[in-house]
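This report refers to the structure that appears directly beneath it.
The values are calculated or read from the model by the stated rules, or taken from the named source; none is laboratory data. Since the model is a prediction, treat every value here as computed from it, not as a measurement. Heads up, the Cβs are rebuilt from the backbone with ideal geometry, glycines too, and the neighbour counts pull from every protein chain shown. Keep in mind that these areas ignore ligands, DNA and RNA; they rest on the heavy atoms of the full protein, side chains included. Shrake-Rupley method; radii C 1.70, N 1.55, O 1.52, S 1.80 Å.
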Amino acid sequence: SLFLGVAAPLVAVTPQWALMYCSYFYSQSVLSDRFSPVVCGALSGAFCGLAISTVVAPVDAGKIRAQNEKKPALRVLERRLLGHGYVATAVQLGLSQAVFFATYEYVLARLGSNEGSHLDWRPAMAGGLAGIVEWTTCMSTDTVKTRLQAGPLGVSYLDVWKTTYKNHGLRGFY
């Protein structure tokens, strides 16, 4: 039971990451001459988050159902569940990727150039700090998305926010 729900994400991880970087770098190429690096990072991140939500939403719905029902993901993933939580996933990934890439670009710019060195540590530092900021600010959207996908069909995204706050307060989101 430890690995229930793992097959679906393993199958989808390659297309998800390919779509993420393709959409991010494409939007960077379109926006980079119009906006600052931070704004371009935020907009490109939001675009890539929306793009990958098309892959992540059905995979997460299957994974979460499989874990809750203690059955293999392919047995619980029905056609009606494919879109379950799509809006919540799009909001969560759009926001989290916007925050991540904007923070990454901001930190990278603040660290200055690394000319003359063979080892550039700045992307690792910027990525690490961006990940901390992303999860600190966007964990609540992931919590709500997961609760929505684990719950019954027909419950609205806003209702999950309200119910979580009513029953658990702010701590319920983290």
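Annotations for the structure displayed:
- One residue from T89, T103, T164 being farther than 24 Å from M20 by Cα, crowded, with 19+ Cβ neighbours inside 10 Å and in contact with a helix residue (DSSP H, G or I) (Cβ under 7 Å, 6 or more places away or on another chain): T164
- Residue ID - nearest to L148 (Cα to Cα), chosen from residues in segment 67-85 that are over 20 Å from the mean Cα position of the chain (by Cα) and modelled with pLDDT of 65 or more: N68
- Of the set (1) under 13 Å from the mean Cα position of the chain (by Cα); (2) more than 15 Å from S53 (Cβ to Cβ); (3) open to solvent by 50 Å² or more (accessible area, probe 1.4 Å), all apply to L95 but (2).
- Selection within segment 23-39 - more than 16 Å from L108 (Cβ to Cβ), surrounded by 14 or more Cβ atoms within 10 Å (Cβ to Cβ) and over 19 Å from the mean Cα position of the chain (by Cα): L31
- In segment 112-136, residue least open to solvent (accessible area, probe 1.4 Å) [restricted to those that are farther than 30 Å from W161 by Cβ and acidic (D, E)]: D120
- Count of segment 137-156 residues which are surrounded by fewer than 16 Cβ atoms within 10 Å (Cβ to Cβ) and within 15 Å of G94 (Cα to Cα): 2
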